[in-house]
Amino acid sequence: MTGRRVLSGLLGLALAVAPIAPAQAGRHDSAVVRHTDLGTITGNDRSRSTGTYSWLGIPYAQPPVGDLRWHAPLTHRRWTGVRDSTAYGDGCIQQGRLFSPAPSGPHYGLDIRDGLGRPVGAEDCLTLNVYRPATGQKKLPIIVFIHGGSNVVGYSADPMYDGNALARRANAVVVTVNYRLGSLGWLDLPQLKTGDPVNDSGNFGTLDQIEALRFVHRNAAVFGGDASNVTAMGESAGAVNVWALMVSPLARGLIDKVIPLSGGLSFATGERARTYADALVTAAVGDSGNPDEDVRRLRRLPAADVIRAQVIRGAAVGDPPAVIADGTVLPTDYHAAIRTGRFAGIPVLAGNTLEEGKLFGALVGAYRPSDYERFTRQYLFDPDRPSPYGVSDFLNDRYLPVDAPGGWNETARQLTDAIFTGIANDSMNSMRAAGNRNLYHYRFGWNQEPAPFDVVYGASHAMDLPFVFGTFDRGVFTFAFSRRNAPGRLQLSGVMIDSIATFVRTGRPPRDVLGARWEQWPRSLLLDAGDRRATAGSGPSTVVTERIVPTR
């Protein structure tokens with residue numbers, strides 16, 4: 001999500017798990033013991049506090065280390081005994097950014113700033129998390145969420161993606177997934193080819209997501225879910241991944257509906273991917289004149305050194321290409337694939353924020369403080385006290401005043417249109433032209449943050465995620481959520497979750513939302529809120545700057 005050049009640059013825990021001692025009678029809470037096809041796990045019983053059960057850090061594939069680096073994921077080996085699943089697994093190794101885990105592990109804290117620009121996370125990272133209501137209900141719809149982060153950063157333990165509130169209110173099973181990122185997730189090198197078209201695709205991160213979906217299908221009933229009703233949801237690069245999964249022949253039958261937020265179909269060409277991969281090898285190990293030896297040396301490098309080489313390349317050309325049009329895992333021409341009509345029956349609920357571009361001021365030098373200082377100020381900010389900052393403390397003079405020609409608002413609109421609007425419209429229009437009649441879209445307009453963040457960020461990229469998950473108390477956007485704006489935002493969050501709950505059950509959102517009719521694409525529903533109440537209004541999807549002014 002943060003620090004991308006363009007969206008197209010997106011946007012098991014041990015090879016042999018040590019045997020765990022068999023459970024002793026009465027040692028584990030039977031309410032959260034589950035017998036998966038890989039082994040028995042025990043999770044968290046939060047029925048009294050959150051009304052949910054959860055199982056965290058479940059390995060779905062063997063660790064992609066050693067010979068399995070840059071290899072298609074292998075289903076995790078079975079374990080014996082009862083595996084503790086009460087804590088998140090490590091995020092996948094990545095260059096530290098604002099949406100990355102802390103250097104000390106998969107948690108959110110002030111020390112995230114200490115990992116900025118450095119390798120954080122672990123190569124042994126292919127785990128997922130499951131949340132469900134603390135009831136005995138079965139055949140619940142399943143929502144599989146794929147995090148964003150330009151396909152180079154992010155982690156499923158981000159508190160913004162805590163699935164407890166969504167699972168409870170939507171009455172659904174919610175799954176969040178870690179997958180390989182950056183040059184460890186997508187790399188197309190001739191010297192890595194094995195003769196297996198799937199393995200040779202370079203789409204290792206995409207294949208991780210498909211393996212996670214296979215785990216979900218095999219074990220849906222174990223968690224009270226319905227394997228015939230799986231919705232793939234993702235935001236930003238996660239939305240790019242969801243669109244990619246929808247058209248992947250390897251994911252056929254694994255997805256019934258999709259919720260792509262702030263993303264669209266955007267594949268890297270094989271030529272671009274190979275050009276980047278060759279340059280990465282040179283940045284990591286040099287050029288000896290023997291490509292096979294150079295790649296052998298690359299394979300032996302610590303994962304942190306691979307990420308450091310990625311950072312070096314990033315300074316020159318941006319993030320690694322991801323989601324590669326290889327012709328096996330993903331079609332070389334997704335428009336042609338859509339035109340076949342094979343996906344006309346998959347309902348789509350897409351979304352965008354009105355001011356997506358306001359999260360990407362670093363691309364145009366708009367932010368005055370460094371990322372370290374910006375993170376610090378936002379982390380320590382108390383939204384219920386008078387702000388010590390003004391707009392000029394966050395934005396450089398060339399973008400002030402914000403509403404002047406060439407100011408921050410105009411620049412952010414240009415970023416929004418250049419990075420997000422085109423691929424979202426293109427993806428939805430392609431589906432519509434192919435005969436899909438279950439296409440819905442929302443625009444998110446909430447910008448009630450305390451000053452100056454209402455102007456600096458407003459309805460920025462990813463600001464809708466705390467509303468979708470009901471996670472306002474922890475995470476990178478906590479500076480935005482005050483007691484004053486609580487009534488309106490909580491109502492809006494409830495409306496958004498209830499709309500998702502309806503969609504995953506019926507394939508369409510509610511017909512009427514807050515007095516407004518939710519029509520099919522190319523119409524869109526604008527969701528907004530003032531401090532006291534939520535609002536909704538229907539309008540054309542392409543008018544990205546239109547908004548309803550809510551009552552404060």
> Within the bounds of segment 202-223, is there any residue that is touching a helix residue (DSSP H, G or I) at 6+ places or on another chain (Cβ under 8 Å) and among the acidic types (Asp, Glu)?
Replying inline: yes
> Which numbered condition trips up Ser262, out of (1) out of contact with any Gly (no Cβ under 9 Å at 6 or more places or on another chain); (2) at positive phi; (3) not β-branched (Val, Ile, Thr)?
Replying inline: (1)
> How many residues are more than 26 Å from the chain's Cα centre (by Cα) and closer than 18 Å to Phe204 by Cβ when one looks only at segment 276-285?
Replying inline: 3
> Can you find even one residue in segment 258-268 that is at pLDDT 95 or above, in the same structural domain as Val32 (by TED's automatic domain parsing) and under 27 Å from His76 (Cα atoms)?
Replying inline: yes
> What number goes with the only condition from (1) buried (at least 24 other Cβ atoms within 10 Å of the Cβ); (2) more than 21 Å from Ala61 (Cα to Cα); (3) among the hydrophobic types (A, V, I, L, M, F, W, C) that Ala134 does not pass?
Replying inline: (1)
>> Checking the condition in a helix (DSSP H, G or I) and surrounded by 17 or more Cβ atoms within 10 Å (Cβ to Cβ), which residue from Pro450, Pro509, Pro487, Pro466 passes?
In response: Pro466
> If a residue has to be of a type in the set (D, E, K, R) and touching a Gly at 6+ places or on another chain (Cβ under 8 Å) to count, how many in segment 232-255 make the cut?
Replying inline: 1
> What strands (runs of 3 or more DSSP E) completely inside segment 33-101 contain at least 1 residues that are basic (Lys, Arg)?
Replying inline: 33-36, 44-46, 82-84
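Each row is one residue, and each column tells you yes or no for (1) polar (S, T, N, Q); (2) modelled with pLDDT of 95 or more; (3) touching a Pro at 6+ places or on another chain (Cβ under 9 Å); (4) farther than 17 Å from Val216 by Cα.
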{"residue": "Ser30", "(1), (2), (3), (4)": "yes, no, no, yes"}
{"residue": "Val33", "(1), (2), (3), (4)": "no, yes, no, no"}
{"residue": "Thr52", "(1), (2), (3), (4)": "yes, yes, yes, yes"}
{"residue": "Tyr60", "(1), (2), (3), (4)": "no, yes, yes, no"}
{"residue": "Pro63", "(1), (2), (3), (4)": "no, yes, no, yes"}
{"residue": "His71", "(1), (2), (3), (4)": "no, yes, yes, yes"}
{"residue": "Gly121", "(1), (2), (3), (4)": "no, yes, yes, yes"}
{"residue": "Asp124", "(1), (2), (3), (4)": "no, yes, yes, yes"}
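One line per residue, one yes/no per condition, for (1) in a helix (DSSP H, G or I); (2) at positive phi; (3) loosely packed, with under 14 Cβ neighbours inside 10 Å; (4) in the same structural domain as Ala122 (by TED's automatic domain parsing):
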residue: Gly289; (1), (2), (3), (4): no, yes, yes, no
residue: Arg296; (1), (2), (3), (4): yes, no, yes, no
residue: Arg299; (1), (2), (3), (4): yes, no, no, no
residue: Ala304; (1), (2), (3), (4): yes, no, no, no
residue: Ile307; (1), (2), (3), (4): yes, no, no, no
residue: Gly314; (1), (2), (3), (4): yes, no, no, no
residue: Asp319; (1), (2), (3), (4): no, no, no, no
residue: Ala322; (1), (2), (3), (4): no, no, no, no
>> Could you tell me how many of the residues in segment 344-369 are under 17 Å from His441 (Cα atoms) and either touching a helix residue (DSSP H, G or I) at 6+ places or on another chain (Cβ under 9 Å) or not small (Gly, Ala, Ser) (or both)?
In response: 12
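Table: residues versus (1) aromatic (Phe, Trp, Tyr); (2) surrounded by 15 or more Cβ atoms within 10 Å (Cβ to Cβ); (3) in contact with a strand residue (DSSP E or B) (Cβ under 7 Å, 6 or more places away or on another chain); (4) at pLDDT 95 or above.
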position: Thr332; (1), (2), (3), (4): no, no, no, yes
position: Thr353; (1), (2), (3), (4): no, yes, yes, yes
position: Gly361; (1), (2), (3), (4): no, yes, yes, yes
position: Val364; (1), (2), (3), (4): no, yes, no, yes
position: Arg374; (1), (2), (3), (4): no, yes, yes, yes
position: Asp382; (1), (2), (3), (4): no, no, no, yes
position: Arg385; (1), (2), (3), (4): no, no, no, yes
position: Asp397; (1), (2), (3), (4): no, no, no, yes
position: Phe420; (1), (2), (3), (4): yes, yes, yes, yes
> Asp326 versus (1) surrounded by 19 or more Cβ atoms within 10 Å (Cβ to Cβ); (2) assigned to a helix (DSSP H, G or I): which is the lone unmet condition?
Replying inline: (2)
> For segment 352-445, list the helices (runs of 4 or more DSSP H) that sit wholly inside it and hold at least 2 residues that are farther than 29 Å from Arg484 by Cα, touching a Pro at 6+ places or on another chain (Cβ under 8 Å) and not polar (S, T, N, Q); which are they?
Replying inline: 422-433
> Can you tell me how many residues in segment 245-303 are closer than 21 Å to Ile93 by Cβ and among the aromatic types (Phe, Trp, Tyr)?
Replying inline: 1
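The values are calculated or read from the model by the stated rules, or taken from the named source; none is laboratory data. Note that this is a predicted model, so its numbers are computed, not measured. Neighbour counts run over all protein chains shown; Cβ positions are idealised from the backbone, glycine included.
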